[in-house]
Amino acid sequence: MSATSSPDEPPDAPPAERHVTICIDPGHPSENGAGAVAADGLHEVEANWQVALALRDELTKRGAKVVMTKASRDEKVTNRRRAEIANAAGAALCLRLHCDANHGQGHTVYYPQQPGRAQGHEGPPREVREASARAADTLADALKAGLGDELVANGVKTDRETAIGRRQGALTGSVFSLVPVVTVEMVDLTHAADVRWMHAADNRRQMASALADGAMQFAQGSR
């Protein structure tokens, strides 16, 4: 299993932004499959990966250290291992990127409100859940501010409002997390307008910039 980090911290990074570590987790492929596919052939794994690369570059420019949970688009990594990579890095935030496929529309931020149980393990701890709730609020606000009316803003929901969360109490990537963790469903691949939006490179960079705003605001303790 490999994981990669961003280049060394830029020498001109603002002092307030140095030494912040953000873990980016581009969703899929995992034990849950390769992800959704839109009617026009856009693969979730590709959308997740492209936004993750743009987000990595944006956070690095802002002076953050970035840890990625996988080294290539199609590298298969279990959700438990993804959490372990963020834990080992001591990340200020683990930001999990996905695209929904539930006949909805727009972006939604999920966090673990209560502990779940997976593979004989219960988690995350209360302090992680509480910090994750704050991170989710920060990310949702940043997405709404950064994207405006371009996508529907669904705000914050809990892991229990996902299919896996209903079964386990929390998503597997949350159960094993020892750092604040949120899952962002960036668009819904069953909605044609969302899919068209995600195809545009400028839009993916705009998504990455909004995510970086929220991640840095939370990591720097501005909320």
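The values are calculated or read from the model by the stated rules, or taken from the named source; none is laboratory data. Everything numeric here is computed off the predicted structure, so don't read it as measured data. Cβ atoms come from the backbone with ideal geometry, glycine included; neighbour counts cover every protein chain shown.
Brief remarks follow.
- Number of the condition not met by Lys157 [criteria: (1) in contact with a helix residue (DSSP H, G or I) (Cβ under 9 Å, 6 or more places away or on another chain); (2) part of a helix (DSSP H, G or I); (3) surrounded by fewer than 24 Cβ atoms within 10 Å (Cβ to Cβ)]: (2)
- Restricting attention to the range 37-50, the residues that are crowded, with 20+ Cβ neighbours inside 10 Å and part of a loop (DSSP other than H, G, I, E, B) add up to 1.
- Restricting the first member to the range 113-124 and to residues that are touching a residue at least 60 places away in the same chain (Cβ under 8 Å), and the second to residues that are hydrophobic (A, V, I, L, M, F, W, C) and surrounded by 13 or more Cβ atoms within 10 Å (Cβ to Cβ), the beta-carbon pairs closer than 8 Å and six or more apart or on different chains are Pro115/Ala170; Pro115/Val175.
- Matching option when the condition is in contact with a Lys or Arg (Cβ under 7 Å, 6 or more places away or on another chain), in contact (Cβ under 8 Å) with a residue 12 or more places away in the chain and of a type in the set (Gly, Ala, Ser), among Gly104, Gly63: Gly63
- Exactly one residue among Ser177, Ser132 is modelled with pLDDT of 95 or more and in a helix (DSSP H, G or I), and that residue is Ser132.
- Every condition in (1) assigned to a loop (DSSP other than H, G, I, E, B); (2) modelled with pLDDT of 95 or more is met by Arg223 except one, and the failing one is (2).
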